[in-house]
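Asks: Sharing a structure below in structure tokens format, with a few things to ask.
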Amino acid sequence: MKVYAGFPGFRLGIVAVTVTPMLACAAGATLSTPPEEAAGVWEGEVRTSAASFPLTVAFERGGAGWSGTVDVPSRYALRYPLAEVTIAPGSAGFAFAGELPPGRFEGVLERHRIRGRFTSPLATDTLRGTFSLSRGAPSRTPYTVHEVRFHNGDLELAGTVFQPPGRRPHPAIVLAHGSGPQTRDSYLRWFADVFARAGLVTLIFDKRGSGQSGGERWPLTRGSFADLADDVLAGARLLRARPGVSTDRIGVWGLSQGAWIGPLAVARAPELVGFLVMLSGGGVSPADQELYDDEIKLRDLGFEDAVIFDALSYLRLADEYVRTGSEEDWIRFVRAREEARGEPWYPHLDRFPQILPREAPAWTGLRADLDYDPTPVLGVVDIPVLLILGEEDRLTPAHETARRVSAALESGAGPALTVRVLPAADHALLVKPTPQAPWTAERPADGWVAEMVAWIRGLW
């Protein structure tokens, strides 16, 4: 069981960098290039045998040493912090960190170019390629950025507001997170840039228990979807009080777990929210979604129906213990887990929280929302709704989600609903040229971001 579907490929850890002397020495005269020449913006691309992708890197030297950020538009990455930035005479190295797929760079530093090797460990192999960066200019954004603090009761949340220019009141939008601990240094910043360029005042913030926000991380606490929805509403109230915001045109955008949180926020304070964007989720319960995820994974691996039935039956025992917390259900689950460890399907299941000891807080933290039914909440939503799904989503049942969301909205006030199911797109609304292609070949599905922006702007 996962933490209720986040943004796949965006939850991987730091990959360390080692800058090899052999690579630096191969450049000969470049060894004399002083480290300070690395400061600034560099633009270029990564090339592998499968695909290439553009990136922009910015290096800065401070009191604690070198640091940097990276833009990778094909991964919805804007100013992501880099890991292990290593600048030395004639060499430069860095790694993707945090929510980007693993990737490391070992390069030769020249006065106007950095070039070298790129590697990315995959499940069964290592992807290898080259990269080349040239001097670039700092980008200028058509908006201002303001760091803010706001409160949901006693909980303080840290965020950033992207403010478009002009005195006229602008529509505004709050971005709700996917699952797991997430900060503003994620895909949220990329989408905030898109919305701000389109004229929307945009708020992104560190999820409770993450980054500079207070509180404990869900689900390692007794918090719930309702708490997360109230965090979003606190952000909407912040925007409503800011100059330059059209108070009746504030929307909520939610991806994955956020597609549950967004409608719940609307239902809890309908006077605050004027439109809703749901991406990659929001139609089935977390329990159903988690079972779907594992079923699809095992089918993709070629397991037969009977085997998949056994695996899902085992996972249902874990769910039952989450629901009850009883001694009887724990014993039943632990016995099944010992038997399952020897099964060929066991290593392919999501590890959370089934491998955790009983005292782990996740077991109780998940209880509040495991069987969360979005239908009653959607039934009271009475504002324009945009639902975008990926047809090849392996975490969320796209067509069933579209059916249930449509039926729930129609059973209530029947707001204006627009549904888009993107062919070949996955949970992150990315597409690959072939199913076997590595992550470097993934790109955002054609036109979906522009369509989303056009839909919002077309509301007024």
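Asks: Considering only region 177-193, state which residues are in a helix (DSSP H, G or I) and not acidic (Asp, Glu).
Replies: Tyr187, Leu188, Arg189, Trp190, Phe191, Ala192
Asks: Determine the pairs where a residue that is closer than 20 Å to Glu290 by Cβ, located within region 326-350, has a partner that is in a loop (DSSP other than H, G, I, E, B) and open to solvent by less than 100 Å² (accessible area, probe 1.4 Å) with Cβ atoms under 7 Å apart, the partner being 6 or more residues away or on another chain.
Replies: Final answer for the pair search is Trp330/Arg358; Arg337/Gln354; Trp345/Phe303; His348/Leu301; Asp350/Met1; Asp350/Lys2.
Asks: Additional query: Just wondering, is there one or more residues in region 376-396 that are surrounded by fewer than 21 Cβ atoms within 10 Å (Cβ to Cβ) and not in a loop (DSSP other than H, G, I, E, B)?
Replies: Taking every residue of region 376-396 in turn, at least one turns out to be surrounded by fewer than 21 Cβ atoms within 10 Å (Cβ to Cβ) and not in a loop (DSSP other than H, G, I, E, B).
Asks: Between Leu312, Leu317, Leu356, which is among the aliphatic types (A, V, I, L, M), in a loop (DSSP other than H, G, I, E, B), open to solvent by 10 Å² or more (accessible area, probe 1.4 Å) and free of Cβ contacts under 8 Å to residues at least 40 places away in the same chain?
Replies: None of the other options fit; the residue is Leu356.
Asks: Here's something else I'd like to know. Is region 123-136 home to any residue that is open to solvent by 70 Å² or more (accessible area, probe 1.4 Å) and under 30 Å from Pro164 (Cα atoms)?
Replies: For region 123-136, residues open to solvent by 70 Å² or more (accessible area, probe 1.4 Å) and under 30 Å from Pro164 (Cα atoms): present.
Asks: From the set of residues in region 76-115 that are of a type outside the set (D, E, K, R) and at positive phi, which is surrounded by the fewest Cβ atoms within 10 Å (Cβ to Cβ)?
Replies: Once the filter is applied, the top-ranked residue is Gly98.
Asks: Scan (1) at pLDDT 90 or above; (2) open to solvent by 60 Å² or more (accessible area, probe 1.4 Å) for the single condition Gly63 breaks and write down its number.
Replies: (1)
Asks: Among the residues of region 443-460, what is the count of those that are in a loop (DSSP other than H, G, I, E, B) and buried (at least 19 other Cβ atoms within 10 Å of the Cβ)?
Replies: Number satisfying all stated conditions: 1.
Asks: Count, please, the residues in region 187-209 that happen to be under 14 Å from the mean Cα position of the chain (by Cα) and not hydrophobic (A, V, I, L, M, F, W, C).
Replies: 4
Asks: Please verify whether region 287-303 includes one or more residues that are closer than 29 Å to Leu389 by Cα and more than 28 Å from the chain's Cα centre (by Cα). Steps first, answer last, please.
Replies: Looking only at region 287-303, we keep the residues that are closer than 29 Å to Leu389 by Cα, and these are 287-303.
With more than 28 Å from the chain's Cα centre (by Cα) added as a condition, the list becomes 302-303.
Within region 287-303, one or more residues are closer than 29 Å to Leu389 by Cα and more than 28 Å from the chain's Cα centre (by Cα).
Asks: Here is a list: Gly244, Gly258. Which entry is within 21 Å of Thr160 (Cα to Cα), open to solvent by 20 Å² or more (accessible area, probe 1.4 Å) and in contact (Cβ under 8 Å) with a residue 60 or more places away in the chain? Steps first, please.
Replies: Numbers: Gly258 fails: open to solvent by 20 Å² or more (accessible area, probe 1.4 Å).
On inspection, the qualifying residue turns out to be Gly244.
Asks: Out of curiosity, is Gly365 modelled with pLDDT of 95 or more and over 30 Å from Leu459 (Cα atoms)?
Replies: Against the criterion (modelled with pLDDT of 95 or more and over 30 Å from Leu459 (Cα atoms)), Gly365 does not qualify.
Asks: Another question about this same structure. Within region 183-203, can one find any residue that is over 29 Å from Pro142 (Cα atoms) and crowded, with 23+ Cβ neighbours inside 10 Å?
Replies: no
Asks: Shifting gears a bit: For region 413-434, what are the residues that are open to solvent by less than 40 Å² (accessible area, probe 1.4 Å) and modelled with pLDDT under 95?
Replies: Answer for region 413-434, where residues must be open to solvent by less than 40 Å² (accessible area, probe 1.4 Å) and modelled with pLDDT under 95: just Pro415.
To keep it simple, each residue is scored yes or no on (1) polar (S, T, N, Q); (2) touching a residue at least 24 places away in the same chain (Cβ under 8 Å); (3) on the phi > 0 side of the Ramachandran plot.
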residue	(1), (2), (3)
Trp363	no, yes, no
Val377	no, yes, no
Leu387	no, yes, no
Arg404	no, yes, no
Ser411	yes, yes, no
Ala416	no, yes, no
Arg420	no, yes, no
Ala437	no, yes, no
Asp446	no, no, no
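Asks: Within region 244-273, which residues are in a loop (DSSP other than H, G, I, E, B) and under 22 Å from Arg189 (Cα atoms)?
Replies: Gly244, Ser256, Gln257, Val273
Asks: Another question about this same structure. Being buried (at least 16 other Cβ atoms within 10 Å of the Cβ), out of contact with any helix residue (DSSP H, G or I) (no Cβ under 6 Å at 6 or more places or on another chain) and farther than 25 Å from Val284 by Cα is true for just one of Thr401, Thr440. Which residue is that? Working first, answer last.
Replies: On the way: Thr401 fails: farther than 25 Å from Val284 by Cα.
Of the residues listed, the single one that is buried (at least 16 other Cβ atoms within 10 Å of the Cβ), out of contact with any helix residue (DSSP H, G or I) (no Cβ under 6 Å at 6 or more places or on another chain) and farther than 25 Å from Val284 by Cα is Thr440.
Asks: Pull up region 160-178, narrow it to residues that are crowded, with 24+ Cβ neighbours inside 10 Å and under 17 Å from Ser210 (Cβ atoms), then point me to the one that is nearest to the chain's Cα centre (by Cα).
Replies: Gly178
The values are calculated or read from the model by the stated rules, or taken from the named source; none is laboratory data. Keep in mind that this is a model prediction, so the values were computed, not measured. Cβ: placed from backbone, ideal geometry, glycine included. Neighbour counts: every protein chain shown. When the accessible area is computed, the model is the full protein with side chains, heavy atoms only, and any ligands, DNA or RNA have been set aside. Shrake-Rupley method; radii C 1.70, N 1.55, O 1.52, S 1.80 Å.
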